[in-house]
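Nothing in this text is a laboratory measurement; each read-out follows from the coordinates by a stated rule. Remember, it's a predicted structure, so these values are computed and weren't measured experimentally. Note that we place each Cβ from the backbone using ideal geometry, even for glycine, and neighbour counts take in every protein chain shown.
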Amino acid sequence: MARWGAPVLAILAAAVCLGLAVQHPLVPAPFAVALCLLVMGWAAWRPWTIGWLLTTLLPVASFAPSTGWWLIDEFDLLVLGVLTGACARWSFDAFAGRVAPTAARSDRVGMWLWVALGVSSLVSLAVGLHGAGGTAGVNAAVWPQALYGDYASAFNPWRVSKSLLWALLLVPVWRHVPEHRQQDMARLTVVGLACGLALVCALVLWERGRYVGVLNFSDSYRTVASFWEMHVGGGAIDAYLAMTVPVAFWAVWLAPGGWRWYCAALLALLGTYAVLTTYSRGLYLAVVVSLVFMAVVARRCQIRPASGERGRGWALRLLGLALLAQAVWVLGGHSFMSGRIVRVDADLADRVAHWRDGLGLLKTPTDWGLGLGAGRLPAHYSAQVPGGEFPGRARWQRDAEGAAQVELAGPATQQELAYDFGLTQRIEISPHGNYRVRIRYETDAPLVLLLSVCERHLLYDFRCQWMHVRPESAVSDPTQWHDIPLLGKAFAPGGRAMAWREGMFAMTVLSTGRPARIHEVELMDSQGQQVLKNTGFSNGLQHWFPAAQGHFKPWHMDNLYLEILIERGVVGWLVLASLAVWTGCGLVRSIRNRDPLALALAGSLLSMGVLGLLISVSELPRIAFMLLLVVLTTSQLTQRSSHPRL
C-alpha cells in the first residue's frame, strides 16, 4: 500500500484537485492552482498538521451561493489537496525505508470497523444509484447537470457519499503519521476546532450586525454564518457549534493563565452567543448536557488545568455570570426564543409525525436491511408522503435544439408553499433607483412568476423590489424578450450596517403544477448596467443557487439515527453504531488515564450525539466529514498523563 497505493492515490487526487481548480467560477485558474499546490506542499511538509488545516478552514471553505456548485465545493478541493500532499509524503517515506509503526491489536479492531464502514457505504451508494435509475456516471455530456444538480437527482447519492469517501481515504494517512507525532496530530486537530469556531463567531457577528443587529433578539432571524447547506433548511450550523463549543469551554478549563486563558474565555462567550442566536432548542440541550458531563468528568478524574486552579477562581466566576446574563437576555422577556420555548410540545408532536412518515418509506425487508440508498430520502419523501412535496425545483437541461434552459417550478399541488422556493443569484446592491428585468421564457399554461431583488444573506428577505408577472395565456415564443420593471423603494442605506448588506435576485414560480422554462434573464440596474452572470445558463447553473425559505421537511429527517436507518438500513446502522461504541470505549480508557484531549473529544461527540436526536447531518457532507474526522482523531489517542499546551 505504501509503495504503490499511496503514489497512485496521490496522483489521482492531484489530477482531480487541479482539474476542478481550473474550472472554478470565481478564482482565476493560475491562482486556484497555486492555492491547491500550497495546500499539497503544506500537507507533504507537515502531515501531522492536516487535522488542524481541515478543521480550521472547514467552516469557510464553501462559496456555493456565488459559484452555484452543488455536487462539490471548495472544501472538496481542500481535502483532495491534503490527500495529495500526505500521500506523496507517505510514498517518499516508504521508498526511503521509513517504516510506519505497527498498529496495536485494539487499532486493528478499529481498522476492521472502518473497512466495514467502507463496504456498507459502497452498498448504500449502489442501492441509491440503482433506485435513482441506474449507475449515474459523470461524463462531459452530463457534467453541468451533475455539478449543479438537485436533491432528487441521480447525483445526490454521490454528493452524500463523498464525506465517507474522504474520511476513509484519510484513515491510512492518519495511521501513517509517526507514533511520536500522533499526540501532536490529535492536539492540533482539537486546536483546529477552536480556530474554526473563532471564524464562525466572527461571521455570526458580521452577519447579525448587517441584518438585524448584534443585540437584537426579538426578530425571528436564524444565524447561518457560511453554512450554505442550509439553503434547504437543516441544522448545519447547529451541528458545527455542537461539536466545537464544548472545545471552547474545555480550553477555558485547561488553558494556562495569561493571554491564552483570556482568548479561551472570549471564545466561550462568543461561542455561547452563536449558539443562542441559532434559536435551536436541541442545540441548547446538547451543549448543556455536554458541558455538565465534561465538568463532572474533569472533577472526578482530576483532569486539572495545566497551570493549576490558583488565581483564576474570580475570573471563572465572572465568566459564568457573563454567560448567565447573556442567556437570560436572549431567552427572557419578549425575545423570539421565549415564544419558541412555549411551542415545544406542538413542535415535538409535529416532528414525531415527520419521523413516522419517514419510517413509513421502508416497506420491504430489503428496505429495512439495506435502506433506500444514500441520498435517496428527499426523492422518496417528496413523492410518497402526503404533503411532503418540494416547494419548488430548478432543473438545468437542454431543449430539442440543444440550447440551455432552466425548468423552474413551484409546488406540485400545495399553493401555500408557493413562496418558499426560488432560483437566486447573489448581486451587489445598487442604492439608487429601481431594477429592471429582461427575460425570455416559455410556459405551457398561464402562471404567476415572481421576480425580485432583496437584501438577503440566505434564508430571510429584508427590503425588496419585486414584480408579479401574470401572462394571460401560454408563452410559446422563446425568442421574445419581456421587459419588466420592479416596484419598490430604492435601496438607499438607512444606516452604516445596511450599506454592507448583500443582495439576491430571485425567480419564483407561484403557480402549482405549472413550470416555466427560462431561456435567458438579465437584470438591469438604474444605470442600465446588466449585473447578472451566466444569463443564458450556457454553463449550467453556474452562479445560480436554488434556495428554499420554508417547508424543509422533504430534505431532512431531523433525526440522525433515523436518517441513517432509512437510507442505509439496519446493516449500515449497526456498522456505524459499532464504530461509535468502539470510539466510546477508547475515550473511556483515555479519560481514566486523565488525557485532557479525550475530555475535549468526548464532549464534542456527546454534544453531537444528543443533537442527533433532533437533527440529521448525514446529508451535509462538510458536517458529516467533520464528525467522522473527530471520530478518526479519537481513534488515534494513546494513553498518556501529561497535559497538552494550547
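For the reader, a short list of remarks on this structure follows.
- Proxy reagent accessibility, fewest Cβ within 10 Å first, across ASP477, ASP461, ASP444, ASP76: ASP477, ASP444, ASP461, ASP76
- Leading residue at positive end of dipole, the chain (Cβ point charges), from MET294, TYR279, THR56: MET294
- Size of charge dipole - segment 393-550 - debye, nearest 20, with Cβ of Lys, Arg +1 and Asp, Glu -1, no other charges: 440
- Going from the fewest other Cβ atoms within 10 Å to the most, the residues TYR435, TYR561, TYR441 appear in the order TYR561, TYR441, TYR435.
- FRET efficiency estimate (nearest 0.05) - Cβ-Cβ, LEU38 to ALA499, R0 30 angstrom: 0.35
- Selected from THR535, ALA547, VAL469, residue furthest toward positive end of dipole (segment 393-550; charges at beta carbon): ALA547
- Among ILE518, ILE484, the ranking by other beta carbons within 10 Å of each residue's beta carbon, starting with the fewest, stands as ILE484, ILE518.
- Stretch gain in nm, segment HIS130-CYS301, where the contour uses 0.36 nm per residue and the Cα spacing is subtracted: 56.5 nm
- Taking the longest Cα principal axis of the chain as reference, the axis of helix 259-276 is set at about 40 degrees.
- Helix 105-131 axis versus longest C-alpha principal axis of the chain: approximately 10°, rounded to the nearest ten.
- Whole-Å semi-axes of the ellipsoid equivalent to segment 162-299 (Cα gyration tensor, √5λ, descending): 28, 21, 14
- Relative packing of peptides 177-188, 370-381, 562-573 - highest average C-beta neighbours within 10 Å first: 370-381, 562-573, 177-188
- Each residue of segment 37-42 is assigned a 3J(HN,Hα), and the resulting list reads 5, 5, 5, 4, x, 4 Hz, derived from the Karplus form 6.51 cos²θ - 1.76 cosθ + 1.60 (θ = phi - 60°), x at Gly and Pro.
- Packing order of peptides 194-202, 118-126, highest average first: 194-202, 118-126 (average count of other Cβ atoms within 10 Å over each peptide's residues).
- Applying a 4.7 Å cutoff between beta carbons, the unpaired cysteines of the chain are CYS17, CYS36, CYS87, CYS195, CYS201, CYS263, CYS301, CYS585.
- In a reduced charge model with +1 at each Lys and Arg Cβ and -1 at each Asp and Glu Cβ, the chain shows a dipole moment near 2600 debye about its Cα centre.
- For the chain, the longest principal axis of the C-alpha atoms and the axis of helix 313-331 are separated by about 20°.
- For segment 530-540, 3J(HN,Hα) per residue [Karplus equation, 6.51 cos²θ - 1.76 cosθ + 1.60, θ = phi - 60°, Hz, x = Gly/Pro]: 7, 10, 7, 10, 6, 5, x, 6, 5, 9, x
- Efficiency of FRET between ARG351 and GLN530 - r from beta-carbon atoms, R0 35 angstrom, step 0.05: 0.20
- Here LYS489 is the anchor, and the aspartates and glutamates within straight C-alpha reach of less than 16 Å, apart from those fewer than 8 places off in the same chain, are GLU455, ASP461, ASP525.
- Compared with the direct C-alpha span, the chain from TRP206 to VAL328 gains 41.7 nm at full extension, assuming 0.36 nm per residue.
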